[in-house]
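Okay, so here's the structure we're looking at.
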Amino acid sequence: MQVSSSAIENGIIADRYGSKGTQFRDGMPSLSIPFEIVGAPEGTRSFAVVFDDYDAVPVCGFDWIHWLVCDLKRASVAEGESGKSGDFTEGCNSWHSIADELTAAQATGYGGPAPPDREHRYTLRVYALDCELGLPRGFMMNDLYFAMQGHVLAHATLVGKYSPKKQSRSSFRALRTWVRGAYFPSPR
């Protein structure tokens, strides 16, 4: 099985799908990436999708989740379908976390790349499943992984890089100070 995306050319995610784009919802880049799945194994009943950023770990302390999808029953998703398509279920992204203030409802769906410090690598993982998962809208990543156990027929991965907007060193230091304060508050 393979996954491809016209949003990723020569290993680079196009600017419009992240913080250098023009479409935002509640402060998040909201133009979701398109992708296509080929070669799904026989017996595939649905797909699950995870789009995340492990390069966020040094900045915020955890893998930043940008998009979760389950119960996708077709082999392609068009640009900008997040929040508009009723035939797949979207989970909650990391804009609902200790690192941001959005509610779970606001952070459900696609929240595009917005690396604060340097170029990051973003991973799109697609899982072919032998069932539908039936998770509710706004599900969390742990819910997805536990529900998928024993049902994964195949998986495919695609990696793309995205660079931050130009910013000063002082703005990065301010972010790092905020993150440290959020995770390691001073004792009172």
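The values are calculated or read from the model by the stated rules, or taken from the named source; none is laboratory data. Predicted model only: the values in this text are computed from it and were never measured. We place every Cβ from the backbone using ideal geometry, glycine too, and count neighbours over all the protein chains shown.
Assuming Asp100 fulfils every condition listed in (1) modelled with pLDDT of 90 or more; (2) in contact with a Gly (Cβ under 9 Å, 6 or more places away or on another chain) apart from one, which condition is it?
(1)
Name every residue in the range 82-98 that is part of a loop (DSSP other than H, G, I, E, B) and in contact (Cβ under 8 Å) with a residue 12 or more places away in the chain, in order of residue number.
Ser82, Gly83, Asp87, Phe88, Gly91, Asn93, Ser94, Trp95, Ile98
Report yes if Asp52 is within 15 Å of the chain's Cα centre (by Cα), of a type in the set (D, E, K, R) and buried (at least 16 other Cβ atoms within 10 Å of the Cβ), otherwise no.
Yes; evaluated as a whole, the condition is true for this residue.
Looking at the structure I just gave you, is Ala56 assigned to a helix (DSSP H, G or I) and aliphatic (A, V, I, L, M)?
For Ala56, the condition - assigned to a helix (DSSP H, G or I) and aliphatic (A, V, I, L, M) - is met.
Output the number of the condition that Glu42 fails; it satisfies all remaining conditions of (1) assigned to a strand (DSSP E or B); (2) surrounded by fewer than 21 Cβ atoms within 10 Å (Cβ to Cβ).
(1)
Being surrounded by 22 or more Cβ atoms within 10 Å (Cβ to Cβ) and not in a strand (DSSP E or B) is the filter here; which residues of the range 101-113 pass it?
Ala107, Gly109, Tyr110, Gly111, Gly112, Pro113
Quick one: which residue in Ala7, Ala56, Ala48 is over 23 Å from Phe139 (Cα atoms), in contact with a strand residue (DSSP E or B) (Cβ under 7 Å, 6 or more places away or on another chain) and in contact (Cβ under 8 Å) with a residue 60 or more places away in the chain?
Ala7
Do the conditions hold for Phe62, that is, is it surrounded by fewer than 22 Cβ atoms within 10 Å (Cβ to Cβ) and free of Cβ contacts under 8 Å to residues at least 24 places away in the same chain?
Criteria not met by Phe62.
Consider the range 141-188. How many of its residues are of a type outside the set (A, V, I, L, M, F, W, C), part of a helix (DSSP H, G or I) and modelled with pLDDT of 95 or more?
Final tally of qualifying residues: 3.
Does Glu79 fit the bill of being over 25 Å from Gly150 (Cα atoms) and not in a strand (DSSP E or B)?
Against the criterion (over 25 Å from Gly150 (Cα atoms) and not in a strand (DSSP E or B)), Glu79 qualifies.
Return the residues of the range 72-96 that are surrounded by 18 or more Cβ atoms within 10 Å (Cβ to Cβ) and more than 15 Å from Phe24 (Cα to Cα); say none if nothing qualifies.
Scanning the range 72-96 gives Leu72, Val77, Phe88, Thr89, Glu90, Gly91, Cys92, Ser94, His96.
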